[in-house]
Amino acid sequence: MEILIALLPALGWGIQPLILKKLGGKPTNQILGTGIGAIIVGLIVQFSSSPDSISLTIFLISLASGVFWVIGQTGQYHALDIMGVSKTIPVSTALQLIGTSIISVIAFNEWPGLTFKLIGLAAIILLIIGVAMTSVSEKKADVRSLKLGVMILFYTSAGYWIYNVLPKMVNAPALSIFFPQMLGIFLGALVYILFKHPKSITESKTWQTAVVGIIFSLSALAYIFAAKLTGVATAFIITQLNVVVATIGSLVILKERKTPKELKSTLVGLALIVVGSVITIFI
């Protein structure tokens, strides 16, 4: 049962981009819709579970964490629009793991000792190789879109890094900071839309993609319970299967096309990303 609960976030985060591509809409619709779905689940959890109270400082740090998530997710949505799920999700996942690991080592002294740092470096190299292999393209047009998409992910993934790191700065139960994080996601998305494309608020695609925010936040909630049942390391490792679900799903469900060489390279790259992510958790 514990493993099944831990698989829920992997499944939810894996199907999230697939549903998003099926629903369509512009990135502005998608990010605001995600924020709407997130705040709905956040409010339900806050008023139904009565989590432990937290200080204003912890609340604001958690809220800021959600705001920074919007930066990373907006970049991912733009990349999905440019180069598709099968290329975007592996690159995005690897950049998140690499950046978060490096910041954790520098700021929180994780991977103590030379041996662990060398193992961690080896894991990061595997991730980089894995990303490179999932990004192999034999078409010149695809190469151009790939460069643009990867550049967007490279700059905006900093939002994910801060989102993951900020909660480590506070000593509070994960369930207690869940609502302020979801509130931060909603407010961050709303502010972005007001500056970028205010009309998105009334467009039907925005409200349709609220289901994506509900899936994301329910998956994040399931991860909290999975971490309690199986331990953080085991739960996080299992969630990395989301990159496999998303990539394989894009090929089977969305019918994203790859040549035999590209497909073989993508599958090997996925394996390296999963192995590299597992190593970063165990050291």
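Between ILE102 and ILE44, the modelled labels are 3.8 nm apart [label points 7 Å from Cα along Cα→Cβ]. A simple rule links phi to the HN-Hα coupling: the Karplus curve 6.51 cos²θ - 1.76 cosθ + 1.60 with θ = phi - 60°, which for the stretch 195-202 gives 7, 8, 7, x, 5, 4, 4, 9 Hz, with x for Gly and Pro. Annotation note: trypsin sites (Lys or Arg not before Pro) in the stretch 104-162 located in DSSP loop regions with a Cβ neighbour count of at most 14 within 10 Å are LYS139.
Each residue of the stretch 208-223 was assigned a 3J(HN,Hα) from its phi angle through the Karplus curve 6.51 cos²θ - 1.76 cosθ + 1.60 (θ = phi - 60°); the sequence is 5, 7, 4, 4, 5, x, 5, 5, 4, 5, 5, 5, 5, 5, 4, 5 Hz, with glycine and proline shown as x.
For the stretch 85-243, a crude dipole built from +1 on the beta carbon of Lys and Arg and -1 on the beta carbon of Asp and Glu, taken about the Cα centre, is about 320 debye to the nearest 20. Packing order of peptides 168-175, 25-32, 12-19, highest average first: 25-32, 12-19, 168-175 (average count of other Cβ atoms within 10 Å over each peptide's residues). Working note: Karplus 6.51/-1.76/1.60 with θ = phi - 60° gives the stretch 73-80 the couplings 6, 4, x, 5, 5, 5, 5, 4 Hz, where Gly and Pro are set to x.
Only lysines eight or more places from LYS117 in sequence, or on another chain, were considered; those with a Cα closer than 23 Å are LYS168. Under the definition of Cα pairs under 8 Å and six or more residues apart, what whole-number percent is the relative contact order of the stretch 2-282? Rounded, it is 46 percent for the stretch 2-282. Inverting the pair-averaged 1/r between distinct Cα atoms of the stretch 2-282 gives 19.0 Å as its Kirkwood hydrodynamic radius.
Alpha carbon centre of the stretch 240-261 versus the stretch 106-176: separation in Å? Each part's Cα centre sits 20 Å from the other's.
The numbers here are math on the coordinates, done by the rules we state, and not lab data. Note that the structure is a prediction, hence the values are computed from the model and not measured. Reconstructed Cβ throughout: ideal geometry from the backbone, glycine too, with neighbour counts over all protein chains shown.
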